[in-house]
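See structure below.
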Amino acid sequence: MDVSAALSALEALSSSTSTSSSGPLNALIDHQFTQSKQRILAGDDPKTVIVDLQKAVKTCKKDVEKGLKSWYGALGNVGKAVDKAFPPNLGAISKAYEDPPLFSAPEAADALDQVVLDSLGRRGLWDAVAAMEEETTLTYPKDRRALAEELQHIINSILSSNLEPALAWCETNKPFLNSPPHPSSLPYHLHKAVFTSLASDDRAAAIAYARANMMGFVPTQPVLKLITSCLYTGNDIPQNNGKDVDMDEEADGCNQRKAEEEDKKRERQEQLEELAKMLKDEFCRRYQWPKEDPLEVALDLGSRGGALNVIEKARKVMSEHLGPIRTWTDLPIEVPLPPSRRYHSVFVCPVSKEQATESNPPKMLTCGHVIAQESFNRLLKGGRRSAKCPYCPIETSQSVAQRLYF
C-alpha cells in the first residue's frame with residue numbers, strides 16, 4: 001500500500017458514521033437518554049429503565065472501541081506506507097545538504113512554493129491553498145481554480161454513477177476529442193457505460209439509447225457487437241414450474257445471487273474509476289496540464305524510485321575525489337527509474353541517429369523494435385513488401401508497421 005492509498009483509506013473512515021466515535025455517542029444521547037426519560041415519565045419502573053440504559057451504554061462503548069480500532073489500524077498503515085516509501089536514512093541525507101541549505105536561494109524557494117501550491121490546488125485542497133497564499137506572495141490563478149473545480153465536480157459525479165456532466169464536457173469539447181492524430185475514445189466508453197447500465201434493467205431502452213448516441217462510433221468501435229450481446233445476455237431467471245425447492249438449495253441460490261450482485265457492484269465501481277481516470281487524462285491534455293502531479297512524481301522518484309539512495313551513495317564514495325556533490329553539474333552515475341517514470345520527449349532513431357519529425361515519424365515493427373520511417377523505407381528498397389528488423393530476424397510488412405506518438 002502506498003502513501004496515497006493509505007491516506008485515502010483514512011479519509012474514507014473520517015466520512016463513515018460506522019467508524020466515527022461521535023456516531024454511537026450521538027445515538028446514545030439523542031435516542032437512548034431521551035427514550036429512557038420518556039419511559040420514566042410514563043410510569044415505567046426506574047430500575048428496569050436504568051438496566052436497559054446500562055445495556056445501551058455498554059453497546060455504545062463497544063461500537064466506539066470498534067471504530068477506534070479501525071482508526072488505529074488505518075493510522076498504522078499510513079505510518080508503514082511512509083516508512084516504506086522514503087529511505088530510512090532520510091534524516092541523515094537531509095543533514096548532509098544543510099550547508100548551504102537546500103532551496104535557500106529566493107528563486108529556488110519560490111519554485112518549491114509554486115509546485116506545492118499547484119499540487120494542493122490539483123487535489124482540491126482549497127483551505128490549504130488559501131493558507132499558503134496568506135503565508136507566501138503566491139496566488140493561485142482564478143481561471144485554473146475554476147478548471148480544477150470543474151474537473152473535481154465531473155470526477156465526483158462519475159464516481160457516484162452520474163455520467164451526465166462527463167458527457168456534457170465531451171460534447172462541449174467534441175472538436176478537440178475528435179482531432180487527429182489520436183482521437184479520444186472517452187465519449188464511446190461513457191456511452192457504453194450508460195448503455196450497459198440500461199441493459200441490465202430495460203433492453204429496449206438500452207438499444208434505443210445506442211441508436212441515438214452510439215451509431216457514430218460504428219467505424220472505430222464494436223458497437224454492433226455490444227448491442228447484439230445485449231439481446232443474448234441469458235440473464236432471464238428460470239422458474240421452478242411449481243416444483244418444491246429444498247430449503248438448502250434455496251439458501252444456496254440466495255447466497256449465489258448475493259455474491260453475483262456484489263461482483264457486479266465491484267465491477268461497476270472499477271468501471272467508474274477507470275472512466276474517471278480516462279476523463280482526467282483527457283482534461284489534462286485539453287488544457288495542457290501535466291498528466292501527473294509533478295510534486296508526486298518527484299517524491300516518487302526520490303523515494304520508491306531510489307534516486308535519493310543512489311545520490312547519497314555517490315556522495316559518500318566520490319565526494320572525497322570530486323568535491324561536494326552540490327557543485328556537480330552532472331551525476332557520473334545512472335539512476336534507475338521504474339518503467340512508469342521513463343519519459344521520452346523526443347525519439348532518436350537507433351539506425352540513422354536522427355531525431356524523429358512529423359515527416360519522419362517513429363515506426364514500431366512487428367518485433368517491437370522502433371526505428372524512424374526513413375530508415376524503414378531504406379530497408380524496403382528494391383520493391384520489397386517486407387523488411388527485416390536491423391536488430392532481430394523478424395520481418396515486418398509496410399502495412400503492419402505502426403506509427404508511435406511520444
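Read-outs throughout are calculated quantities, based only on the coordinates presented, and are distinct from any laboratory measurement. Since the structure is predicted, the reported quantities are computational estimates derived from the model, not experimental observations. Because the Cβ atoms are built from the backbone with ideal geometry, glycine has one as well, and the counts that use them run over all protein chains shown.
Backbone phi angles across the range 377-384, fed through the Karplus curve with coefficients 6.51, -1.76 and 1.60 (θ = phi - 60°), yield HN-Hα couplings of 5, 5, 6, 8, 4, x, x, 6 Hz in residue order; Gly and Pro are listed as x. Each peptide in 219-227, 262-270, 188-196 receives the mean, over its residues, of other Cβ atoms within 10 Å, and ordering these scores from highest gives 188-196, 219-227, 262-270. Checking the Cα-Cα distances for Lys62/Lys265; Lys192/Lys264; Lys192/Lys280 against a 23 Å cut-off, the pairs over it are Lys62/Lys265.
With no solvent and one point per C-alpha, what does the Debye sum give as log10 I(q)/I(0) for the range 342-406 at q = 0.14 Å⁻¹? Result of the Debye calculation: -0.36. Projected label points at Gln38 and Arg211, each 7 Å from Cα along the beta carbon direction, are separated by 5.6 nanometres. Ranking Asn156, Pro187, Leu138 by Cα position along the charge dipole of the range 93-197, where only Lys, Arg, Asp and Glu carry charges on their C-beta atoms, puts Pro187 farthest toward the positive end. Note on Lys95: lysines with a C-alpha under 21 Å away, same-chain residues under 8 apart excluded, are Lys84, Lys313, Lys316. Within straight-line reach of Lys61, meaning a Cα separation under 22 Å, sit the following lysines at least 8 residues removed in sequence or on another chain: Lys37, Lys47, Lys69. Length gained on full extension, Val400 to Gln288, computed as 0.36 nm times the residue gap minus the Cα-Cα distance: 37.2 nm. Counting only residues at least eight positions apart within a chain, or on another chain, the lysines with an alpha carbon under 21 Å from that of Lys381 are Lys353, Lys363.
Each residue of the range 188-200 was assigned a 3J(HN,Hα) from its phi angle through the Karplus expression (A = 6.51, B = -1.76, C = 1.60, θ = phi - 60°), giving 4, 5, 5, 5, 4, 5, 5, 4, 5, 5, 5, 5, 6 Hz with x at Gly and Pro. Residues whose amide H comes within less than 5 Å of that of Ile371, counting only those at least five positions distant or on another chain, are Lys363, Leu365 (H built at 1.01 Å from N in the peptide plane).
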